[in-house]
Structure formats: C-alpha cells, structure tokens
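The values are calculated or read from the model by the stated rules, or taken from the named source; none is laboratory data. Because the structure is a prediction, the values reported are computed rather than measured. Using ideal geometry, Cβ is built from the backbone for each residue, glycine included, and neighbour counts are taken over all protein chains shown. The protein model used for the area step is the full one, side chains on, heavy atoms only, and it has no ligands, DNA or RNA in it. Shrake-Rupley method; radii C 1.70, N 1.55, O 1.52, S 1.80 Å.
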Amino acid sequence: MTVPDLLAPPVVHDDRSAPPASRRRRVVGLSVRSAFAAAAGAATSLAFEPTAWVWVAPLGVAGFVLAVRGVSPRAAWLPGLAFGLGYELLLLGWMRAVGPDAWLALAGLEALFFGVLGWATAVLTRARLWPVWVALAWVTAEVWRGQWPFSGMPWGRLAFATVDTPMAQALPWVGANGVSLLLALIGTGLAWLLTGGWRRPVLAASAAGLAVAAVWLPGLATPSLPGDGTATVAAVQGNVPGDGSDILLDHRQVTRNHVDATLELAEDVAAGRRPAPDFVVWPENSTAVDPFRDAEINRELDEAAAAIGVPVLVGVIADAPRPGDVLNQGIVWDPLSGPGDRYTKKHPVPFGEYIPWRDKVFKSNFGQLALVQRDMLSGTRTDPLTIADVPIADSICFDVAYDDGIRVQLENGARLLVVQTSNATFIHTHQIAQQFAITRLRAIETQHSVVVAATNGVTGVIDAQGRVVDSAEPRTQAVLVDTVDLVSGVTPGVRFGPWVGRGAVAATLLALMLVLARPRRSQDPQAPQARLGGAAPQAPLVSGATQPFGQQAPPPGGAG
C-alpha cells in the first residue's frame, strides 16, 4: 500500500480466485489503511476542546474517505472501526475519571457506528455525486448514534467543534445537523480533489467557492428574534470539598456551600454592593438527598430562599414515586411558598445514572455498575419553567448536548436558557471545557442567552452570540449576577434543524438502496473515469480489500 494507492480510483478484487500471495498483500494493505484511518480519527478529535483546532475536522473526514474508498464493502467496516476507535478513545478520554472499563466500553460502542459508516461509504463512493452522499451518510451516523441506543450519545458531532469560528454563524439558520453537513461536505470535497478532482480546475474552483460562501455568508445576517425585556439572574457555584471530584464525599457540605454563598449574596444586595437578582440558579446536585424527606436540607433551602427574597432554582436528587428510583430535578424554591414547579432531566446517562434492563440482563452488577444502586427516570416535560414571571428552558448536564429538550421548550415560549450541571466527577478533565463549548453553541443556535450554574465549574453567563460575558474560576466558590436579554421565538435552525437530520437519513438510505440495486459490472481499466457528476466503474461487491502493493491504478479522473 502506497499513498498513490489511497488516491487512485476504487478497484475491488475478488479474493476467491486470487493466489495466496496476492491475498496476503491485500490483508497487509487493509491493515495499512486501518492504521491510517485510526490516525485520521485521532487527529479529528483535536478539533474539540482543549485544542479546538476545528479545521482538522474536514481533514479528518477526508482521511476517513481515503482510508475506505476502494475497499470492498464487506471489508470497509474495519478501517471505519479503526477511525472510530482513534476518534472516540481520545475524544472521550475524560471518561477515565469514571473508570477505564467505562471509557473503553463507551468509546468502543461509539466506534461501531463508524464501522457501519465505513461500509456505507464504500458503497456510496461508487455513485454519482458521491461526495454529497458520503457527507449525508456522515450526518446520518451522527443522528443515529445521537439517539440510539438508550437515547444515544451526541458527543463528538462535528458541529460541536465550531465555537469561535465563522461556521458557527450558520447554526441559527440550519442547526447543528446543518453545520455538521457543511463540515462533512468540505471533507468529502477535499477527498474528491485529492483523488482526481484537481484535474477539473473549473469544477474544483466552483466547489471551493461554494464552500467558502457556505462558511462566510451566514455571518452577514442573523435571524432576528423579538426582544422581551431583560432579567437579572444570579448563578451560584458553591464548590465541592476535597479535590473537587467526589460530590458525594460530603454532600451536605456541598449544599451548605450553596446556602452560604446565597446568604452572602443577600448581604451584598442589602448593602447595595450588588444588584438584586430576579431569581437565583443553583447547579445540579446542589442537594444529593431528597429535601422532601430530609428536614435539615429542607430548612437550609428555605433559609437561602428567604434570605435572598426571590425564587431559587435548586438542583435536587429526589425520590421517584416508584420505590428504588430517583429523579434529577430543577425545582423552583419560592421564598414564601417553598417548592413549586420542577423540570426533570430528560436524558439520564445509561450505566451511569441508571442500568438498562436491570431486571433481565444486568441482574448482577459488576465494576462501576455496582455504584448505580438506583435507577434515574427520564423527564417528559415540554413546557418551560416559569421563575419570577420568566419562562426558561432548563437543561440538566448532558441534556444540553441533545436537540429535543431545548427545542420543545423554546417552541412553547421559553425566553432564556438555563443549564444546571454537576461536572465534579470530570473537574480534572477536558469534559468541562467540551460541555461549555457545546453550551455556547446552543446560545448561537437558539439566539438566546444562557445562564450556566455548575457545582465547581464551569459556571458562566453567555449572550446570544455565544460570547462569555461572565464566568467563575473552576473549583472556587463564586456568585455571578448579570442582566441578560430575554427573547421570544425560535430560529430556523431550531425549528428546521431536525429536518436536516431526517432528510440526511432518508437520502442516505435511498442512495444505498439505489447503488446496491444497480446491476454490477466488472472493472474495465480502460473505461473513462467518473467526474463529480458520474459514477465510478463498478466491480462485484465481494471481499477484496484493496489494490495490491505497487499495482498501477488507472489514471484518476474525478469523483468515482
């Protein structure tokens, strides 16, 4: 396998009639491709925090295509899987804070989706306009792994790497799915250029011009949403005892820290040192026991709300109506009437906050699973919470990475986004930076301000352009008080972004069916190669891997 082999037109061989030496060469070639794919996946992970080299993302997509192109669909899953492992093992490295078993299991599961994507890419690169179909397939894989299994894991969507880049300006127009599609198209277009598209300079220049326009034009105008006044909001970061990574080590002190910080804020407000907030936001897990069953915690929450004199949105772990289950909730704690309206976390973490199929499959917990004694139930709320007459869209921790919960609350009238999070387990990792970047992108996508309250980091206030207007240092006790704009309505990206994903899924499935249903014909080395709008010469879909070492490929001619 040589670099020219990766750039040559796809040729698929039938190993059934090949001599053993030829088969061995192809196995070696497939191994080289898989190693290249793993390196490309590892490089793609650098697009995200803490490096945030976003332009690596399309290069990684191009590397993925080059590693898979020319491989039999029956073998293409292997370089696809290798890419996924290189990508996910580095991207999700923060899961080692939970345990190496959890890290390897999650990264391995997510990598499987890239194995399937490798198969689909090997099929679709034989179709006309294959750069478009492969980019749509990439988005399809993101949609799929973001929703399944167990509500999915959307971490690592290409769009989540675009904060502080011109591409983020497209979010309010096309949503996260649309921005992922744009990045994937740039990557597949680059692969097309490297495999012969450069021989068609007019077409290549036109494609490059379209890419530049797609990146820069959305920044010239932003969807206009009607303003609805302002609100002054306090976000409390109480801090976590010890090294900050174990919120249950002294969970009562965590609650007391948030009470003390709120009491100090009340003193500052009374003395005129700080403006009076309309309401206060505490983070997820600001109390780890049910305040309806624990009198001491209940009194402390009453004390804090009464002192500040405005409602406090408290992060609570509450007992569920069904014995043995729990709810992760944000509860509006009024200074006069006490607990009231509440939001329940929509996407609890499987195997972290609940055990799927506990009664049938995982009857005997082992490793880190033994720590999950009770199952957290999913919330179903679709209406925004109302705090001090302000309708807010609440998200608890990983909820912010999912499209559905935020979208439905905005469609039902939310004027402000609030994120309650406890990243204490990951406080010494890059997870907190990755999640905060996603939160900033949500502000841009929705064109709403966001208030983030974390137990010990990152707490911050973000405006509708994704700019951080205030933040607290991690692992400190701090209170932010800021005035934020309230807006009504939803952007095109919020309203139609899900349809971009659904359209990508439908188009990918249709393209796969059409290509697989086409009559197969043998490769003719003398046949003219495909241009961007033409299909590559076909070969049987059999278990050949790659071109042998040093084989002279037909001259490259384009997107086939």
Fill in the blank from the handout: Ratio for segment 214-263, C-alpha Rg to 2.2 N^0.38 Å, reads 2.09
Exercise for the section: Express the relative contact order of the chain as a whole percentage, based on alpha carbon pairs under 8 Å and six or more residues apart in sequence. Expected result: 23
Exercise for the section: Taking every Cα atom in segment 177-238, find the radius of gyration and the maximum pairwise distance Dmax, and write them in Å. Expected result: 20.0, 61
Completion exercise
Once all protein chains are kept in place, His428 shows an accessible area at probe 1.4 Å, nearest 10 Å², of 110
Completion exercise
Taking 154-163, 238-247, 501-510 and ranking on average Cβ neighbours within 10 Å, highest first, one gets 154-163, 238-247, 501-510
Exercise for the section: Give the Rg (one decimal place) followed by the Dmax (whole number) of the chain, computed from C-alpha coordinates and expressed in Å. Expected result: 26.0, 88
Practice task
Figure the gain on full extension for Asp341 and Leu104 (residue separation times 0.36 nm, minus the Cα-Cα span) and round it to one decimal in nm.
Solution key: 81.4 nm
Handout entry: With DNA, RNA and ligands ignored, accessible area of Ile331 (1.4 Å probe; Å², nearest 10)
Key = 0
Problem - Surface accessible to a 1.4 Å probe, Thr380 within the full protein complex, Å² - result: 120
Fill in the blank from the handout: Of Phe150, Phe292, Phe64, ordered by accessible area with the largest first and a 1.4 Å probe, the sequence is Phe292, Phe150, Phe64
Exercise for the section: Lys and Arg at +1, Asp and Glu at -1: add these up for the other residues within a Cβ distance under 15 Å of Asn456 and post the number. Expected result: -4
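Using a 1.4 angstrom probe on the protein heavy atoms only, could you order Lys360, Lys345 from most to least accessible area?
The residues order as Lys360, Lys345, largest area first.
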